[in-house]
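The next block holds one structure in the form of structure tokens; read it before the comments.
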Amino acid sequence: MDKRIILITGANAGIGKETARQLAGDEARIYLGCRRPLAGEKAAMEIRAAVPQADLEVIELDLASQQSVREAVRRMTYEVPQLDILINNAGLFTSSWQTTEEGFELQFGVNHLGHFLLTHELLPLLQKSGHPKVINVSSAAYLQGKMDFDTLQDKPPSYSGLNAYARSKLANVLFTRELARRYPDIHSYALHPGAVGTAFAEKDSRWIVRTIWKIAKRFFLVSPEKGAETSVYLARTYPVPAENGSFIDNKQEVRSPTEQAADEQLAKKLWDYSLFACNLEPKPE
């Protein structure tokens, strides 16, 4: 198969859909990982209208359900000989306490654990590619994140959606760096897409959060097309002029990690915690 195989999570809207549209003109078969398959099919239809040669497949993938993630991996393993690029794009924000099917705080569960499990179980397919890449859409919000493993499943007395979001984005950066360390043949990058005007904060949030977000989206935030630029750049560029495990900003420039994000012991501890949370056996390094 000459076409590159690409899987993009959260590909039915926002940055994910725009990333798929921009890559659809390349020699690639793109799998649109979507929690709601009907929304995925609608997105695929719209992308095909803009890019008639687009080779798209919709795959059901709910990152808040580890069973759903494993079912998506089984389908990918059955259908494709290798996976060339995995773009872990899906993400959410909520200002209220919610949990995944397994009982983890929703933002950490979706933004990190769901993608950790997906990536971990797709490692055999990635390793069959000649030039595999894992691209993790993080955020500069990680700078405010704090990792406390003792409270990841506990509902705090006063839940802060912003703090939980920042923690999940820090997890993205730590995961990227540890993935690069353990699997140096897989080129892994975390990125900040910029402040992008998507529907990201308009669901499952208090009315004041929704209102502020809608105002910001109208007047201050960049378009999903602009927000997809770094994901597309990393997918298309061979080789990427950056060290494996790097954090890339929305101007496609490498940014040095914070002391916490560069903490190798913290990254290893997060990896081990994630294995436990996803009921996975450690793979030999």
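Yes/no per residue for (1) in contact with a Lys or Arg (Cβ under 9 Å, 6 or more places away or on another chain); (2) at pLDDT 95 or above:
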{"position": "42", "(1), (2)": "no, yes"}
{"position": "48", "(1), (2)": "no, yes"}
{"position": "63", "(1), (2)": "yes, yes"}
{"position": "69", "(1), (2)": "no, yes"}
{"position": "83", "(1), (2)": "yes, yes"}
{"position": "98", "(1), (2)": "no, no"}
{"position": "109", "(1), (2)": "no, yes"}
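Here are the criteria: (1) buried (at least 20 other Cβ atoms within 10 Å of the Cβ); (2) under 15 Å from residue 8 (Cα atoms). Tell me which single one residue 100 does not satisfy.
(2)
Take the residues in region 130-145 that are free of Cβ contacts under 8 Å to residues at least 60 places away in the same chain and not in a helix (DSSP H, G or I), then tell me which one is surrounded by the most Cβ atoms within 10 Å (Cβ to Cβ). So that I can check it myself, show each step before the final result.
Just the residues of region 130-145 that are free of Cβ contacts under 8 Å to residues at least 60 places away in the same chain, to begin with: 130, 132, 134, 136, 139, 141, 144.
Narrowing further to those that are not in a helix (DSSP H, G or I): 130, 132, 134, 136, 139.
Working: 130: 8, 132: 21, 134: 26, 136: 28, 139: 25.
Residue satisfying both the conditions and the ranking: 136.
Picking from 114, 91, which residue would you name as being within 19 Å of the chain's Cα centre (by Cα) and modelled with pLDDT under 95?
Details: 114 fails: modelled with pLDDT under 95.
Residue meeting the stated conditions: 91.
For residue 74, which of the numbered conditions (1) surrounded by 20 or more Cβ atoms within 10 Å (Cβ to Cβ); (2) not in a strand (DSSP E or B) fails to hold?
For residue 74, the failing item is (1).
Any idea which of 117, 174, 122, 86 is in contact with a helix residue (DSSP H, G or I) (Cβ under 8 Å, 6 or more places away or on another chain), in contact (Cβ under 8 Å) with a residue 60 or more places away in the chain and either loosely packed, with under 15 Cβ neighbours inside 10 Å or farther than 24 Å from residue 59 by Cα (or both)?
Step by step, each of 117, 174, 122, 86 is checked, and only 174 is in contact with a helix residue (DSSP H, G or I) (Cβ under 8 Å, 6 or more places away or on another chain), in contact (Cβ under 8 Å) with a residue 60 or more places away in the chain and either loosely packed, with under 15 Cβ neighbours inside 10 Å or farther than 24 Å from residue 59 by Cα (or both).
Out of all the residues in region 3-11, is one or more at pLDDT below 95 and not small (Gly, Ala, Ser)?
Taking region 3-11 first, the residues at pLDDT below 95 are 3.
Then drop every residue that is not not small (Gly, Ala, Ser), which leaves 3.
Yes: one or more hits.
What tally of residues in region 131-151 results from selecting those that are at pLDDT below 95 and either basic (Lys, Arg) or closer than 17 Å to residue 184 by Cβ (or both)?
Final tally of qualifying residues: 1.
Can you tell me which residues in region 95-129 are in a loop (DSSP other than H, G, I, E, B) and farther than 25 Å from residue 165 by Cβ? So that I can check it myself, show each step before the final result.
As a first pass, look at region 95-129 and keep what is in a loop (DSSP other than H, G, I, E, B): 95-98, 100-104, 127-129.
Those that are in a loop (DSSP other than H, G, I, E, B) and farther than 25 Å from residue 165 by Cβ: 127, 128, 129.
Would you mention how many residues in region 31-51 are surrounded by fewer than 17 Cβ atoms within 10 Å (Cβ to Cβ), in a helix (DSSP H, G or I) and not hydrophobic (A, V, I, L, M, F, W, C)?
So the answer is 5.
Please go through region 262-285 and pick out each residue that is under 23 Å from residue 85 (Cβ atoms) and small (Gly, Ala, Ser).
Answer for region 262-285, where residues must be under 23 Å from residue 85 (Cβ atoms) and small (Gly, Ala, Ser): 267, 274.
Would it be correct to say that residue 55 is among the acidic types (Asp, Glu), buried (at least 20 other Cβ atoms within 10 Å of the Cβ), within 23 Å of residue 228 (Cβ to Cβ) and at pLDDT 95 or above? Give the derivation first.
Values: among the acidic types (Asp, Glu): yes; buried (at least 20 other Cβ atoms within 10 Å of the Cβ): no; within 23 Å of residue 228 (Cβ to Cβ): yes; at pLDDT 95 or above: yes.
Taking the combined requirement at face value, the residue does not satisfy it.
The values are calculated or read from the model by the stated rules, or taken from the named source; none is laboratory data. As the structure is a prediction and not an experimental result, all values here were calculated from the model. Note that each Cβ is placed from the backbone with ideal geometry, even for glycine, and that neighbours are counted across all protein chains shown.
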